[in-house]
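The values are calculated or read from the model by the stated rules, or taken from the named source; none is laboratory data. Everything quoted here is computed from the prediction, not taken from an experiment. Using ideal geometry, Cβ is built from the backbone for each residue, glycine included, and neighbour counts are taken over all protein chains shown. Ligands, DNA and RNA are excluded from the accessible area calculation, which covers all protein heavy atoms including side chains. Shrake-Rupley method; radii C 1.70, N 1.55, O 1.52, S 1.80 Å.
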Amino acid sequence: QVQLTQSGGGLVQAGGSLRISCAASGSIFSIGVMVWYRQAPGKERELVAEITSGGRTNYAVSGKGRFTISRDNAKNTVYLQMNSLKPEDTAMYYCNVAMTTSAGKYVPNSWGQGTQVTVSS
């Protein structure tokens, strides 16, 4: 049994910063790519940033230069540091992780419970 637990987020004024986290727990053998998505009301879920097990990163245009994704492999945790936040960044943010369990089962898509980020103008 594996679980993703998100933390952080909240309400911030435009121009402010927030950091959200997603920790994987349970019987984990290894973790592959870790991804942050977001979904605003009435919109489709979109990729925000991703990071491979080797530390290679990729960002959506919307967050490039403002967002930084990182991971702590010892803690099985992925972070998203968001700076210079804009009202259009308001959304529910979800982490998505690909992992292999201790039993050898590959789980390509595990989702966190979601974290609300609200940016006021």
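Can you pull out every residue in region 1-18 that is buried (at least 17 other Cβ atoms within 10 Å of the Cβ) and at pLDDT 95 or above? Before you say what the answer is, go through the steps one by one.
Step one: filter region 1-18 for residues buried (at least 17 other Cβ atoms within 10 Å of the Cβ), giving 2, 4, 6, 9, 12, 18.
Within region 1-18, 4, 6, 12, 18 meet the criteria.
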What number of residues in region 19-29 are open to solvent by 50 Å² or more (accessible area, probe 1.4 Å), touching a residue at least 60 places away in the same chain (Cβ under 8 Å), farther than 26 Å from residue 83 by Cα and in a strand (DSSP E or B)? 2
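For region 45-58, which residues satisfy the criterion of being open to solvent by 30 Å² or more (accessible area, probe 1.4 Å) and farther than 19 Å from residue 119 by Cα?
From region 45-58, those open to solvent by 30 Å² or more (accessible area, probe 1.4 Å) are 45-47, 50, 52-58; that's our starting set.
Matches in region 45-58: 50, 52, 53, 54, 55, 56, 57, 58.
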Among (1) of a type in the set (A, V, I, L, M, F, W, C); (2) in contact with a strand residue (DSSP E or B) (Cβ under 8 Å, 6 or more places away or on another chain); (3) open to solvent by 20 Å² or more (accessible area, probe 1.4 Å), there is one condition residue 61 misses while meeting the rest; what is its number? (2)
Which strands (runs of 3 or more DSSP E) does region 75-118 wholly contain that include 3 or more residues that are open to solvent by less than 60 Å² (accessible area, probe 1.4 Å), within 18 Å of residue 55 (Cα to Cα) and not small (Gly, Ala, Ser)? 77-82, 91-101
Just one of the numbered conditions (1) in contact with a Gly (Cβ under 7 Å, 6 or more places away or on another chain); (2) over 17 Å from residue 99 (Cβ atoms) is not true of residue 53; which one? (2)
Tell me which residues, restricted to region 75-114, are under 15 Å from the mean Cα position of the chain (by Cα) and under 15 Å from residue 41 (Cβ atoms). 89, 90, 91, 92, 93, 94, 114
